[in-house]
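Notes to accompany the following structure.
The values are calculated or read from the model by the stated rules, or taken from the named source; none is laboratory data. Predicted model only: the values in this text are computed from it and were never measured. Cβ placement follows ideal geometry from the backbone for every residue including glycine, while neighbour counts extend to all protein chains displayed. We work out accessible area using only protein heavy atoms, side chains counted, and drop any ligands, DNA or RNA first. Shrake-Rupley method; radii C 1.70, N 1.55, O 1.52, S 1.80 Å.
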Amino acid sequence: MRAITHDQRGEARQVLRLSEQPPPAAPAAGQAQVRVLSRPIHPGDLAVVQGFPGESQRRFATPRVPGLEGMGVIETVGEGVQDLRPGQRVAFFPVPGAWSELLTAPTDLVVPVPEGVSDETAALMLVNPLTLLTLLRAVEDAQHGQAGPVVQTAAGSSVGKLVSAAALKHGIPLVNLVRGATGAQTLRQRFPGLPTISTADADWRAQVRDATGGRGAQVVLDAVGGSLTGELAGLLDDGGTLITYGQLGSGSTPLESLALTPRALTVRGVSICQWMARTPEERAEDVAFAARLAATAPELFEVAAGYDLADFAKAIDHVRRPGKSGTVLLTSPAS
């Protein structure tokens with residue numbers, strides 16, 4: 001089978017390779033083998049390949065296959081599996097090795113794709129909606145029962161659009177930030193009920209202040225980080241919370257420059273990886289929400305383009321393309 005692998009951390013285009021790997025062993029009891037047809041490239045996938053500060057740069061003992069999310073069809077199931085059958089379309093998360101053509105997964109991490117949901121939508125059905133729920137819970141915790149203005153960066157991203165749709169549905173006073181005028185105009189047309197501001201405008205901070213009623217934001221949802229962090233902390237009202245869940249930006253901001261103590265600010269990190277800490281019953285409810293969203297609002301699962309596994313370098317370039325709209329997929333033939 002084909003798989004994209006890397007034997008050390010580093011810049012994705014430099015360390016990733018397409019190779020032939022032996023197929024996984026037959027599934028054991030409680031497992032299913034999935035032929036993967038489509039899988040997204042999330043920023044977090046590339047961050048894991050590159051590595052985080054403080055991680056060792058030594059070569060791995062065995063090559064690693066990136067990716068945790070995707071969709072495909074069941075090939076075989078292990079003993080005792082009754083709810084899944086060969087040929088059935090499924091989505092999965094979090095299952096390591098999604099950037100391969102075959103994988104074996106615990107059945108509690110495999111979700112049948114609702115009838116009528118396309119393969120492209122199914123490939124995006126889990127991570128982004130589950131990230132949305134994680135962020136909404138973090139916002140609710142930060143508000144302590146007193147709802148106030150929320151600002152989000154990267155509002156034109158796939159997760160950002162889900163947050164916008166949820167804000168309109170639940171009456172959250174959301175202000176969207178994007179990097180350029182074109183993106184701002186596109187998002188205003190998509191969500192006319194929400195103020196959208198381009199950080200390329202010289203007065204963007206004043207625009208945010210006006211949009212939040214002059215007193216600043218209660219919460220900032222930030223997927224950018226880096227050198228923008230200090231600016232975002234300045235948008236918060238005293239006692240506000242900066243929730244960071246990504247690192248799309250460059251540069252850095254010293255923690256002591258944020259005036260956390262005198263302004264009683266809180267900085268909180270949120271990750272989709274924390275979702276597995278929820279109880280099985282809670283996870284089942286979240287997955288049911290994700291499946292309903294995919295079935296009823298497929299327009300929120302926008303795909304930028306699809307590339308065969310062999311063209312992963314072009315796919316990564318597309319992920320990093322300025323103004324990209326939607327998620328880039330890596331695909332495989334059905335057989």
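Observations
- Residues that are under 22 Å from the mean Cα position of the chain (by Cα) and not in a loop (DSSP other than H, G, I, E, B), drawn from segment 175-187: Val175, Asn176, Leu177, Val178, Gly183, Ala184, Thr186, Leu187
- Residue match in segment 85-92 (condition: in contact (Cβ under 8 Å) with a residue 12 or more places away in the chain, outside any helix (DSSP H, G or I) and within 25 Å of Val15 (Cβ to Cβ)): yes
- Among the residues of segment 148-157, the ones that are in contact (Cβ under 8 Å) with a residue 60 or more places away in the chain and assigned to a loop (DSSP other than H, G, I, E, B) come to 6 in all.
- Residue that is most open to solvent (accessible area, probe 1.4 Å) [pool: residues in segment 109-126 that are among the acidic types (Asp, Glu) and in a helix (DSSP H, G or I)]: Glu120
- Yes/no for Asp45 being in a helix (DSSP H, G or I) and either over 21 Å from Cys273 (Cβ atoms) or touching a Pro at 6+ places or on another chain (Cβ under 8 Å) (or both): yes
- Set Val15, Val73: member being over 19 Å from the mean Cα position of the chain (by Cα) and either under 26 Å from Leu248 (Cα atoms) or not β-branched (Val, Ile, Thr) (or both): Val15
- Every residue from segment 149-174 that is more than 20 Å from the chain's Cα centre (by Cα) and surrounded by 19 or more Cβ atoms within 10 Å (Cβ to Cβ): Pro149, Ile172
- A search for C-beta distances below 6 Å between a residue of segment 107-124 that is within 18 Å of Pro86 (Cβ to Cβ) and among the small types (Gly, Ala, Ser) and any residue that is modelled with pLDDT of 95 or more and open to solvent by less than 60 Å² (accessible area, probe 1.4 Å), counting only pairs 6+ apart in sequence or on different chains, returns Ala122/Met71; Ala122/Ala91; Ala122/Val113.
- Of all residues in segment 127-143, none satisfies being modelled with pLDDT of 95 or more, assigned to a loop (DSSP other than H, G, I, E, B), under 30 Å from Ala29 (Cβ atoms) and touching a Phe, Trp or Tyr at 6+ places or on another chain (Cβ under 7 Å).
- Among the residues of segment 80-92, none qualifies, meaning not one is among the basic types (Lys, Arg), under 21 Å from Asp308 (Cβ atoms), under 17 Å from the mean Cα position of the chain (by Cα) and modelled with pLDDT of 95 or more.
- Of all residues in segment 12-57, those satisfying the criterion of being among the charged types (D, E, K, R) and either on the phi > 0 side of the Ramachandran plot or open to solvent by 60 Å² or more (accessible area, probe 1.4 Å) (or both) are Arg13, Arg17, Glu20, Glu55.
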